[in-house]
């Protein structure tokens with residue numbers, strides 16, 4: 001069996017044994033205080049919460065930081081820009097492992113902001129639902145974070161699902177926009193994502209537009225609702241304000 005040495009940077013524990021035991025004890029004895037401390041340490045909040053948790057197992061009601069407001073995209077990207085703008089935020093590897101790309105925090109911010117502005121250009125607003133039916137490409141991350149930035153609710157549908165399964169999920173969440181790619185690639189085989197979307201949305205009156213990422217440059221049918229991703233973001237600014245929303249927002 002081939003073994004690999006542990007990287008030097010991973011050999012130093014995050015905390016010593018006594019610190020770990022103290023944190024564990026606090027998490028058991030006063031979980032609200034413990035998680036409130038962690039939430040304030042690792043997240044930026046626009047509005048404080050009234051109570052860290054509200055748990056009623058008899059009713060199946062579990063709420064965290066209700067009343068507190070924040071933005072997920074801001075916490076994933078913007079809060080790091082002052083110190084890490086030029087550091088790598090995402091390392092992407094394609095279906096072909098020889099194809100890879102690194103994206104810095106600043107580049108990620110700009111891509112996400114432009115995507116968010118593109119969504120707004122199509123009429124997407126806070127609370128609207130967006131279906132993401134994409135391969136494992138960088139634009140999938142941009143799409144999720146763009147939705148979070150403007151307060152839209154994204155529904156990720158596995159790219160291997162059939163048109164029928166995709167249709168059901170679009171209808172269940174009443175998605176206004178579908179984001180996809182011309183094709184996906186898995187194990188060297190092309191997956192007809194756009195063609196599947198075409199079949200799915202025939203029964204989805206809720207869908208106003210389909211955003212298509214040109215990934216493989218494969219041939220696709222083009223309809224009146226279809227919009228190329230690269231054209232959508234070509235004339236929008238790389239800056240988009242973050243919408244604040246409740247911590248319990250889907």
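The values are calculated or read from the model by the stated rules, or taken from the named source; none is laboratory data. For clarity, every value in this text was computed on a predicted model and none was experimentally measured. All Cβ positions, glycine included, derive from the backbone under ideal geometry; neighbour counts span all protein chains shown.
Residue 91: part of a strand (DSSP E or B), surrounded by fewer than 16 Cβ atoms within 10 Å (Cβ to Cβ) and within 20 Å of the chain's Cα centre (by Cα), yes or no?
So residue 91 fits the description; yes.
Of all residues in segment 110-140, count the ones that are surrounded by fewer than 21 Cβ atoms within 10 Å (Cβ to Cβ), in contact with a strand residue (DSSP E or B) (Cβ under 6 Å, 6 or more places away or on another chain) and assigned to a helix (DSSP H, G or I).
1
Given the condition modelled with pLDDT of 95 or more, in the same structural domain as residue 113 (by TED's automatic domain parsing) and on the phi > 0 side of the Ramachandran plot, answer yes or no: does some residue in segment 181-203 qualify?
no
Can you tell me which residues in segment 192-208 are surrounded by fewer than 19 Cβ atoms within 10 Å (Cβ to Cβ) and touching a strand residue (DSSP E or B) at 6+ places or on another chain (Cβ under 7 Å)?
208
Looking only at segment 156-178, which residues are in a helix (DSSP H, G or I) and either in contact (Cβ under 8 Å) with a residue 24 or more places away in the chain or under 17 Å from the mean Cα position of the chain (by Cα) (or both)?
Correct list: 163, 164, 166, 167, 169, 170, 171, 173.
Tally up the residues in segment 63-88 that are closer than 20 Å to residue 35 by Cβ and in a strand (DSSP E or B), please.
Number of matching residues: 4.
Name the residues in segment 43-62 that are under 14 Å from residue 31 (Cβ atoms) and either assigned to a strand (DSSP E or B) or within 22 Å of the chain's Cα centre (by Cα) (or both), would you?
Of everything in segment 43-62, those that are under 14 Å from residue 31 (Cβ atoms) and either assigned to a strand (DSSP E or B) or within 22 Å of the chain's Cα centre (by Cα) (or both) turn out to be 53, 54, 55, 62.
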